[in-house]
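Just so it is clear, none of the values below were taken in a lab; they were calculated from the coordinates. Remember, predicted model here, so these are calculated numbers, not experimental data. Using ideal geometry, Cβ is built from the backbone for each residue, glycine included, and neighbour counts are taken over all protein chains shown.
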Amino acid sequence: MKRHVIRLAAVLAALVAGLGLLASPAWADGADIAVQSDDQKGDIGQTVSVSVGLANKGDKPLDAGQVTLFYRAPTGSVITQVGGGTNCQFNTSRTTARCQIGAGWRAAIVAPGGPFVRRNLDLRINGKITAPGEFRVACECDANKGNNSTSIVLNGVTKPLPSASPKPSVKPSPSVSRSASPSATPSETPEVTDEPTEEEPVGPGVAEPSTPAASGDSLLSGMMLVGFGIVLLGLVGLGGAVYLWRVRAGRDEDEGGDDGGVDMDATQVIR
C-alpha cells in the first residue's frame, strides 16, 4: 500500500511540473520585440521629428522572420519621412505608412535583452491635433503582442478630442396682424435647420493585417484554469488514498491481534 501511495505522489509531482511548463509565457523562450515613442510639440505648418524605438526584450536573437512597421500620423498631421524603414507604402493623404524594417535598425535589435534603438518619424502639422497616432510592429517571430504598439503623441493629445455638435438655427416666425375674427388657419411653427459641420475627408488607409491580441491570453488563462483544476483533483485523490491506507492499516492491526478473528476484505458486505 505504501508503494502505491509513493507512486501516486510521483505522478502528481510530474503533473504539476508539466502544468508549470504549460502555464509559463510563450515568449519566455524566444524573441520579443517591444516599441517606444516620445511625445513632441509643434505649431501649425511646422515639421517635427518624433523618436520611436525598438528593442528585443526576449532571451533569444531575432530570427530571419520579416519585420513590418506600421505608422499612423496623429490627426491633423501627415508623414513626411520614415527613418529606419524601407520599401514604405503611403496612402494618398500620407497619414499612414507601411514599411519593412531597414537593415541597420534590424541589425541593432537582433541581440536579446538590448536597449531601445531609436529612429525619427518626421511629421508636418497641417492643423489642430485632435487625436494621437500609432506606431506598431509585427513579426511571426514574436509571440508577445502586448508590447508591439505605442501611441504617437503630438501637443499632449493622448486621446481623441470630442467634436463640437452643430447648433440648430431657429428662424423667427413671421408676424401675424391682429384681426377681429379668430384665424381659421393654425399659426406657423418656426423652422429648425441643422447646419452640419464639414468633416475632414479621410483618405484610403493602408491595409494592415490584423493580429488577434487577446486569443493567446484567453487560451493561456483557460489552460491555467484546467491545470489548477487537475492539480486540485489530484491532491484530493492523494488525501483520500492516504486516508484509506491508514484506515486499512489500522484494521489489519486490530484483526491481527485477535486469534479467533476472521480476515474480512474491505469489499465484503455484512449481512
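The residues neighbouring Val110, those whose beta-carbon lies less than 15 Å from its own, together hold a net charge of -1 under the Lys/Arg +1, Asp/Glu -1 convention.
Listed peptides 118-124, 39-45 appear in the order 118-124, 39-45 once ranked by packing, highest mean of other Cβ atoms within 10 Å at the front.
Each of the peptides 103-115, 72-84 was scored by the mean count of other Cβ atoms within 10 Å over its residues; in descending order, highest first, they stand as 72-84, 103-115.
So, counting K/R as plus one and D/E as minus one, what does the shell of residues with Cβ under 10 Å around Ile79 add up to? Taking every other residue near Ile79 into account, the sum is +2. Taken about its Cα centre, the stretch 18-160 carries a charge dipole of about 440 debye when Lys and Arg each add +1 at the Cβ and Asp and Glu each add -1 at the Cβ.
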